[in-house]
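Read the structure below first, then the notes.
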Amino acid sequence: MKNASLKAITQTHLPNLLHRGKVRDTYDLGQGLLLMIATDRISAFDVVLPTAIPQKGLVLSRLSAYWFHQTGHILPNHLIALGDEEDKLADLKGIPLLSFLSPEIAARAMVVRRAKRIDIECVVRGYLAGSAWAEYQSTGTVGGSPMPTGLREGDLLPKPLFTPTTKAEAGHDLPMSSADVRDLVGEKLASKLEESSRRVYQYAREQALTRGIIIADTKMEFGLLGAELILIDELLTPDSSRFWDAALYQPGRSQPNFDKQYVRDWLIASKWNQEPPAPELPLEVVDRTQARYIEAYRRITGKSWVTPAEERA
């Protein structure tokens, strides 16, 4: 794909770096605000790959912003504005770091409220895929819950399942039971996390289906702003979700997708042991992954994909 030759942004170097995650670089803006920059890094099996996917960060920030706006009636979130939405950031011009941002970086950044992160990956599964399919084949369960016999890969589950995991800074996330979640955050908050995760997933799944995409599963992160529970980080992106082509959906196989499953499939076929270091991705895999991410954005939002540079031209 032509756009794959564009320079990929894998790191940002600005003052007040707070955290460098697998994909995002987070900076402290002061005044209870953070700047989260989605780079073009890509991870698989909890390992950051040495090859970037150009424009991936743009898709992540813009699609997250779309879903934060769409789901605001269900639960508040941390988003104030994208980094290039100057009208929404007019009152924050006094923050020095924002004046340092190049248009290229601002376009993939989000200015967000700083919350106390809850260290749980809140996963909701509507279909049998990925690690859930592997568990089902081995034990007949998903997230420890017994499932009907005879299910196929990609089958619709009887009801969406909440299957949380730990949020590891390094290494692999590990499954959490309902008791584990309650022990970590208390019964009331545990119940709120599960209920909110299910509601956001159900709403997004129904909306995406009208655009020809099945959201098979997704993971969300939450934080506390004072006593208020809010959504944070990213939301319903090709990095955090499985997006399938509804028109080509056929249980019993790996589904045509618009997420990073294409990368995972290539890595599995390469016989990589899923431990660092990961292998470099071929150009063909980079091109096709980039195309999938952009198509996910186009279908879900109903908007054509135009880069910020093209908008400014």
When you scan region 227-260, how many residues do you find that are more than 22 Å from residue 202 (Cβ to Cβ) and touching a helix residue (DSSP H, G or I) at 6+ places or on another chain (Cβ under 8 Å)?
3
In region 212-263, what count of residues is obtained for those that are open to solvent by 40 Å² or more (accessible area, probe 1.4 Å), in a helix (DSSP H, G or I) and over 18 Å from residue 300 (Cα atoms)?
1
Quick one: which of 296, 208 is touching a strand residue (DSSP E or B) at 6+ places or on another chain (Cβ under 9 Å), buried (at least 23 other Cβ atoms within 10 Å of the Cβ), modelled with pLDDT of 95 or more and not in a loop (DSSP other than H, G, I, E, B)?
296
Among strands (runs of 3 or more DSSP E) lying entirely in region 49-136, which contain 2 or more residues that are open to solvent by 30 Å² or more (accessible area, probe 1.4 Å), out of contact with any helix residue (DSSP H, G or I) (no Cβ under 9 Å at 6 or more places or on another chain) and without any contact (Cβ under 8 Å) to a residue 60 or more places away in the chain?
none
Cross-chain or 6+ apart pairs with Cβ under 9 Å, region 239-252 first and within 8 Å of residue 214 (Cα to Cα), then open to solvent by 70 Å² or more (accessible area, probe 1.4 Å) and of a type outside the set (Asp, Glu)
246/209; 246/211
When you scan region 299-313, how many residues do you find that are β-branched (Val, Ile, Thr) and modelled with pLDDT of 95 or more?
2
Given the conditions (1) open to solvent by 30 Å² or more (accessible area, probe 1.4 Å); (2) farther than 18 Å from residue 261 by Cβ; (3) touching a residue at least 12 places away in the same chain (Cβ under 8 Å), report the number of the one that residue 159 does not fulfil.
(3)
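The values are calculated or read from the model by the stated rules, or taken from the named source; none is laboratory data. Only a predicted model underlies this, so the values are computations on that prediction, with no experimental measurement involved. Don't worry about glycine lacking a Cβ; one is built from the backbone with ideal geometry, like all the others, and counts go over all protein chains shown. Note: accessible area is taken over every heavy atom of the protein model, side chains too, but ligands, DNA and RNA are not part of it. Shrake-Rupley method; radii C 1.70, N 1.55, O 1.52, S 1.80 Å.
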